[in-house]
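Q: This structure is in structure tokens; I'll ask about it shortly.
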Amino acid sequence: MSSTSMNRSACLQECNQVPVSNQDRLPLPALLALAMAAFITILTEALPAGLLPLMAQSLTVSEALVGQLVTIYAIGSLLAAIPLTAVTQSWRRRPLLLIAISGFAVVNAVTAVSDSYTITLVARFFAGVFAGLLWALVAGYAARMVPEHLKGRAIAIAMAGTPIALSLGIPAGTFLGAAWGWRVTFGLMSILTVILVVWVTAKVPDFPGQARGKGFALRTVFTLPGIRPILFVTLVYVLAHNILYTYIAPFLVPVGIADRIDLVLLVFGVAALLGIWIVGVLIDRRLRELVLISTTLFALAALALGLVRNVPAAVYTSVAVWGLAFGGSATLFQTALAKTAGEATDVAQSMMVTVWNIAIAGGGIVGGILLETFSVSAFPWSVLVLLVAALVVTGVARSHGFPSSR
């Protein structure tokens, strides 16, 4: 092989380009490893909500204090995502990914054996820190494995672990916790994480970080054309979702189906799985259109819940439409951000993690205020206002952020 050919081959590997013969291949083992990482992250975050009474009894604290194990996790992610991503820009990607994943093995093991609420709270904070770092990596990592025309599909596969965890993982974890004890559930997650570390080491390729001195400043990335519209749409969309999702139990009381919350969430989860499949198929050709359709469907579901919220059949139908809309939303926003940010994707994704967690916390706060001040009847209309704002900004961001298909 000539020196020119050797140099070209080296460039293809180091610059993350894909040879012509592999243009339409998706590295499924590697992408599924990322999906498994997302699955474990979401399961670690949300499982205490399903095991609330059991954990409260075991740790001898109130259920309200156990609920703060979810809050402290979100705070850890919120505080860590941007600074950790900035500090580690020059690190090689796979070792950094393995550190983030390995952290979950440690914190879940500590949670499984801890008899102290304080120690458990600290472990949950660090779980959030590792989550903030991992979420900042996943989308950009998936995008670097494939050529430009497959980036959206690759991110969709990597993000598939999220709806699977919400629709299947949390109910399964709650069932196992009730049958064998909540500590067993966290212990099993720790074992799964160790297996994932081996999987990532064997199947996920390594990539270089940014050369020292050539990293991207936070302000520079934030002011890139299209970044702010994407972050704004993400904020209001996820805020709308969490106002309704966080307080779905009291919302169902007037309908008379509060005792079927498990079925309502199952309908949501199954529809969300269908949504992420549709997004995965179409995202590389119709990203803008999918964002508009997703937001519109969610808005229509909110409108229906506002108009006929006392009719059980209408609620189930609206929840299904809402799940269909929400299922692929994380993939849509992260793909739009990755394509807009280019080489600065990891820094941009750290902003996404921060915005997402602000929206989660904001959903709990705003929803609580609405519940105490106006009752659950205010939820659909508040959600609708936020989604209209998201539609307007998406419509305006035609050139940058959510560009028209070419």
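The values are calculated or read from the model by the stated rules, or taken from the named source; none is laboratory data. These numbers were taken from a predicted model, which means no experiment stands behind them. So basically every Cβ, Gly included, is an ideal-geometry build from the backbone, and we count neighbours across all protein chains shown. Heavy atoms of the whole protein, side chains included, go into the accessibility calculation; ligands, DNA and RNA do not. Shrake-Rupley method; radii C 1.70, N 1.55, O 1.52, S 1.80 Å.
Q: For the range 67-196, I need the span (max minus min coordinate) of the C-alpha atoms along each principal axis, in Å, sorted largest to smallest.
A: 47, 31, 25
Q: Next question. Efficiency by 1/(1 + (r/R0)^6): what FRET value for I119 and V184, r their Cβ-Cβ distance, R0 = 22 Å, to the nearest 0.05?
A: Rounded to the nearest 0.05, the efficiency is 0.75.
Q: Could you work out [θ]222 nm for the chain from helices alone, using -39500 (n - 2.57) per DSSP H run of at least four and dividing by all its residues? Round to the nearest 500 deg cm²/dmol.
A: Calculated mean residue ellipticity at 222 nm is -26000 deg cm²/dmol.
Q: Placing unit charges on C-beta atoms (Lys and Arg positive, Asp and Glu negative, everything else neutral), compute the dipole magnitude of the range 277-406 about its Cα centre in debye, rounded to 20. Numbers along the way, then the final one.
A: Details: 7 positive and 5 negative charges, 75 e Å.
That gives the range 277-406 a dipole magnitude of about 360 debye.
Q: Right, here's the next one. Most mobile of L282, L332, L391 per a Gaussian network model of the chain (Cα springs, under 10 Å)?
A: Evaluated over the chain, the most mobile residue of the options is L282.
Q: Here's a follow-up. Once phi is turned into θ = phi - 60°, what whole-Hz ³J(HN,Hα) does the Karplus curve with 6.51, -1.76 and 1.60 give for every residue of the range 179-192, x standing for Gly and Pro?
A: After applying 6.51 cos²θ - 1.76 cosθ + 1.60, I find 7, 10, x, 5, 5, 4, 4, 5, x, 4, 5, 5, 5, 4 Hz.
Q: Given a 10 angstrom Cα cut-off, can you work out which residue in W135, W180, W322 is the most mobile in a GNM of the chain?
A: It is W180.
Q: Provide, in order from the shortest bin, the percent of all Cα-Cα pairs of the range 132-192 in each 10 Å bin, continuing until the bin that contains the maximum pair distance.
A: 20, 35, 27, 15, 3
Q: Can you compute the modelled spin-label distance between R94 and I365, with each label point 7 Å from Cα toward Cβ, in nm?
A: Roughly 4.2 nm, to one decimal.
Q: Mean 1/r over all different Cα pairs, inverted: what Kirkwood radius does the range 45-117 give, in Å? Write down the numbers at each step before the final one.
A: On the way: mean 1/r = 0.0713 Å⁻¹.
Mean inverse Cα-Cα distance, inverted, gives 14.0 Å.
Q: Once neighbouring chains are kept in place and the probe is 1.4 Å, which whole percent of the accessible area of the chain is contributed by carbon and sulfur?
A: Carbon with sulfur: 70 percent of the solvent-accessible area.
Q: If you don't mind, there's one more thing I want to ask. Tell me which of A378, S114, V281 sits at the most positive position along the dipole axis of the chain, charges placed on C-beta atoms (Lys, Arg +1; Asp, Glu -1).
A: The listed residue farthest towards the positive side: V281.
Q: In whole percent, what relative contact order does the chain give with Cα contacts below 8 Å and a gap of six or more residues?
A: 24
Q: Dipole of the range 282-354, Cα-centred, from +1 at each Lys and Arg C-beta and -1 at each Asp and Glu C-beta, to the nearest 20 debye?
A: That gives the range 282-354 a dipole magnitude of about 240 debye.
Q: Next question, about the same structure. Averaged per residue, what accessible surface does the chain expose to a 1.4 Å probe, in Å²? Display every interim value, and only then the final one.
A: Working: 17420 Å² over 406 residues.
Here the residues of the chain average 43 Å² of exposed surface.
Q: Loop-only chymotrypsin sites (Phe, Trp or Tyr not before Pro) in the range 63-107, please: DSSP not H, G, I, E or B, and at most 16 other Cβ atoms within 10 Å. Before the final figure, lay out each step's value.
A: Details: sites: Y73, W91, F104; in loops: W91.
Sparse-neighbourhood loop chymotrypsin sites (Phe, Trp or Tyr not before Pro): W91.
Q: I would also like to ask the following. Output needed: percent of Cα pairs per 5 Å distance bin for the range 133-291, bins running from 0 to the one holding the longest distance.
A: 1, 6, 9, 15, 18, 16, 14, 10, 6, 3, 1, 0, 0
Q: Distances over 22 Å make up what percent of all Cα-Cα pairs in the range 265-365?
A: 39
Q: Once you put a point 7 Å from the Cα of R260 and another 7 Å from the Cα of R398, both along the Cβ direction, what distance in nm separates them?
A: In this crude spin-label approximation the distance works out to 4.4 nm.
Q: Whole angstrom only: what separates the Cα centroid of the range 243-259 from the Cα centroid of the range 85-99?
A: 41
Q: About its Cα centre, what dipole magnitude does the chain give when the only charges are +1 on Lys and Arg Cβ and -1 on Asp and Glu Cβ, stated in debye to the nearest 20?
A: Dipole size: approximately 1100 debye.
Q: Next question, about the same structure. Using only the alpha carbons of the chain, what is the convex hull's orientation-averaged projected area in square nanometres?
A: Hull-based average projected area comes out at 20.1 nm².
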